[in-house]
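A.B. asks: Below are the structure tokens for one structure; questions will follow.
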Amino acid sequence: MKKYDYLIVGAGLFGATFANKMKENGKKVLVIDKRKNVAGNVYTENIDGIHVHKYGAHIFHTDYKDVWDYVNSFVEFNRFTNSPIARIGDEIYNMPFNMNTFSKLWKDVITPEDAKKHIDEEKKELNCKNPKNLEEQAISLVGRTIYQKLIKGYTEKQWNRSCTELPPFIIKRLPVRFTYDNNYFNDRYQGIPIGGYTKMVEKMLDGIELKLNTDYFDHKEEFDNLANKIVYTGMLDEYFNFKLGRLEYRSLRFDTKTYDTKNYQGNAVVNYTGHDQKYTRVIEHKHFDNTCISDKTIVTYEYPDDWNPTKEAYYVINDDKNNKLADEYRNLAKKEKNVIFGGRLADYKYYDMDDVIKEAFNCVEKELR
Ligand code: FAD
Ligand code: UDP
């Protein structure tokens, strides 16, 4: 008999949820992570009373009531609503695309009808029912004016590709609303854990054996012998030693600065949608937490970056070429009988946090059936 029922590779949200649920069901689990901390990409660090989102800004939003109840069983959430500002040159617009954006762009827009008139007129340019790429999708959603000012530059910086070479689904994530509502998400529930995400994940992993600074691949055979099943949340292609070729990712570089001022930019998230700055977003962490009383502020400039094996893989690239290769790896994964693949990197999917937790719920349920 092996020592553990499950060895879980990765202490991010997928691994932590799976471990927590299995422990609840009396299973013996060991969690390992190559990083020095738990929480994967949602890791937050308390610096001078400010919860800094070390791997990029994370706002929890979901329509799944079971996922919302689950995360709230570990920590209380605040009522933060994401309402980013987009800056192009010296102009400021509200995101996502809504009546505040439209009325600032076009001086004659007051009512939804006024806005629709402008957008419908611009959409005629394409008259496209099945957008083939992100540019066509964007123009058919909001027209060329908004595409040029608020989408094209941001997207090309983010993905380092022309919008004509990117899949349409990326931009469909963003709402287009004919109401004066700056909420970035349509989901029913939204907020940030009071005390930070790290506190939440630590609670999920409470009482569970954990080994940090431990790379699965450094001792794969030894780990495989320890547990009946492996739960793998790392990179899909890495699991198979890249034998079919490498999947592509996008990386990010974070430049974090402390300023001796209480309020630097007046909002948690400011998007830079032009090519004049190389960063896409500037995050002022204290604004995620309306109880923060620090006299200073911590600001992170987020620079999109080409990925290579020495960098973190932040975004999967779900274009045709990579999806095809990912499918080939998924076929190999199906044949690994004692390995469960889950999470953003092992599924090679552009998941939000709630998707990852929901997927872990489903995997646990399937395992216990
Ligand atoms: P991860 O958090 O990546 O965890 C995987 C873990 O596995 C890591 O800790 C890693 O170190 C470990 N690991 C990998 N390989 C090995 C190995 N060989 N040995 C040991 N350990 C290993 N989602 C939202 O819902 N809202 C947001 O606002 C939001 N903002 C985002 C902003 C950015 C910049 C990014 C990149 C993502 C954002 N997301 C957001 C998505 C969110 O981060 C993910 O959906 C979620 O964190 C993925 O969890 P995971 O467990 O799948 O992966
Ligand atoms: N996007 C944009 N302008 C913005 C913000 C986002 O064009 O000001 C586009 C861009 O293509 C991006 C996509 O919308 O990749 C999804 O944005 P989201 O904020 O959901 O991305 P994430 O939080 O995953 O980085």
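A.B. asks: Please compute the length gained on full extension between N213 and T111, using 0.36 nm multiplied by the number of residues separating them and subtracting their Cα-Cα distance.
C.D. replies: Contour length minus the Cα-Cα distance gives 31.1 nm.
A.B. asks: Once the other residues with Cβ under 12 Å from the Cβ of K124 are scored (Lys, Arg +1; Asp, Glu -1), what is the net sum?
C.D. replies: Charge balance near K124 sits at -1.
A.B. asks: Which far-off residues, 5 or more places away or on another chain, put their amide H under 5 Å from the one on G274, with H placed in the peptide plane?
C.D. replies: For G274, the qualifying residues are G89.
A.B. asks: Here's a follow-up. Taking θ as phi - 60°, what are the ³J(HN,Hα) couplings along segment 287-296 by the Karplus curve (6.51, -1.76, 1.60), each to the nearest whole Hz, with x for Gly and Pro?
C.D. replies: 6, 6, 9, 6, 9, 5, 10, 4, 6, 9
A.B. asks: Calculate the all-directions average of the projected area of the chain's alpha-carbon convex hull, and give it in nm².
C.D. replies: So the mean shadow area of the Cα hull is 19.6 nm².
A.B. asks: Pull out the extension gain between C292 and R79, defined as 0.36 nm times the separation in residues minus the alpha carbon to alpha carbon distance; nm, one decimal.
C.D. replies: Here the answer is 75.3 nm.
A.B. asks: For segment 158-167, just list the computed ³J(HN,Hα) in residue order, Karplus coefficients 6.51, -1.76 and 1.60, θ = phi - 60°, integers in Hz, with x standing in for Gly and Pro.
C.D. replies: 4, 10, 6, 9, 6, 4, 6, 9, 9, x
A.B. asks: I want to check the label-to-label distance for N160 and F240. Put each point 7 Å from Cα in the C-beta direction and report it in nm to one decimal.
C.D. replies: Here the answer is 2.5 nm between the modelled labels.
A.B. asks: Here's a follow-up. Determine the principal axes of the Cα atoms in segment 245-302, then give the extent along each, sorted from largest to smallest and rounded to whole angstroms.
C.D. replies: Principal extents (Cα only, largest first): 50, 26, 17 Å.
A.B. asks: Two decimals is fine: what's Rg over Rh for segment 272-369, C-alpha atoms, Kirkwood radius as Rh?
C.D. replies: Computed over Cα atoms, the ratio is 1.09.
A.B. asks: Within segment 90-107, which residues have the backbone N less than 19 Å from the label spot 7 Å out from F178 along Cα→beta-carbon, could you tell me?
C.D. replies: Correct set: 96-107.
A.B. asks: Here is a follow-up. Just to confirm a number: summing +1 for Lys and Arg and -1 for Asp and Glu over residues other than Y216 whose beta-carbon lies under 11 angstrom from that of Y216, what do you get?
C.D. replies: Combined, the nearby Lys, Arg, Asp and Glu give -4.
A.B. asks: So what is the accessible area of the chain per residue, in Å², with the probe set to 1.4 Å?
C.D. replies: 48
A.B. asks: Near R250, within a Cβ-to-Cβ distance under 13 Å, what is the net charge of the other residues, with Lys and Arg +1 and Asp and Glu -1?
C.D. replies: Summing Lys and Arg as +1 and Asp and Glu as -1 gives -2.
A.B. asks: Provide, in order from the shortest bin, the percent of all Cα-Cα pairs of segment 8-139 in each 5 Å bin, continuing until the bin that contains the maximum pair distance.
C.D. replies: Result returned by the calculation: 2, 7, 10, 13, 14, 12, 10, 10, 9, 7, 4, 2, 0.
A.B. asks: Sticking with this one: Go through segment 244-252 residue by residue and turn each phi into a ³J(HN,Hα) via Karplus (6.51, -1.76, 1.60, θ = phi - 60°); whole Hz please, and just put x for glycine and proline.
C.D. replies: 9, x, 8, 6, 9, 9, 10, 10, 9
A.B. asks: Grab the DSSP H runs of the chain that are 4 residues or longer, score each as -39,500 (n - 2.57), total them, divide by all residues and round the 222 nm result to the nearest 500 deg cm²/dmol.
C.D. replies: Calculated at 222 nm, the ellipticity per residue is -8500 deg cm²/dmol.
A.B. asks: Do any trypsin sites (Lys or Arg not before Pro) in segment 150-187 lie in a loop, going by DSSP, with at most 12 other beta-carbon atoms within 10 Å of their beta carbon, and if so which?
C.D. replies: When the trypsin sites (Lys or Arg not before Pro) of segment 150-187 are filtered for loop state and at most 12 Cβ neighbours within 10 Å, R173 remain.
A.B. asks: Based on the Cα gyration tensor of segment 144-202, what are the three equivalent ellipsoid semi-axes, each the root of five times an eigenvalue, rounded to whole Å and given largest first?
C.D. replies: Three semi-axes, in Å: 29, 18, 10.
A.B. asks: Something else: For segment 157-281, which whole percent of the accessible surface, found with a 1.4 angstrom probe, sits on carbon and sulfur atoms?
C.D. replies: Summing carbon and sulfur atoms, their accessible area is 44 percent of the total for segment 157-281.
A.B. asks: Count neighbours as other Cβ atoms within 10 Å of each site's Cβ, and list the trypsin sites (Lys or Arg not before Pro) in segment 196-258 that are DSSP loop with at most 11 such neighbours.
C.D. replies: Answer by residue number: K243.
The values are calculated or read from the model by the stated rules, or taken from the named source; none is laboratory data. Source: prediction; values computed, not measured. Positions of Cβ are generated from backbone atoms using ideal geometry, with glycine treated the same way; all protein chains shown enter the neighbour counts. Remember, those area values only see protein heavy atoms, side chains included, never the ligands or the DNA or RNA. Shrake-Rupley method; radii C 1.70, N 1.55, O 1.52, S 1.80 Å.
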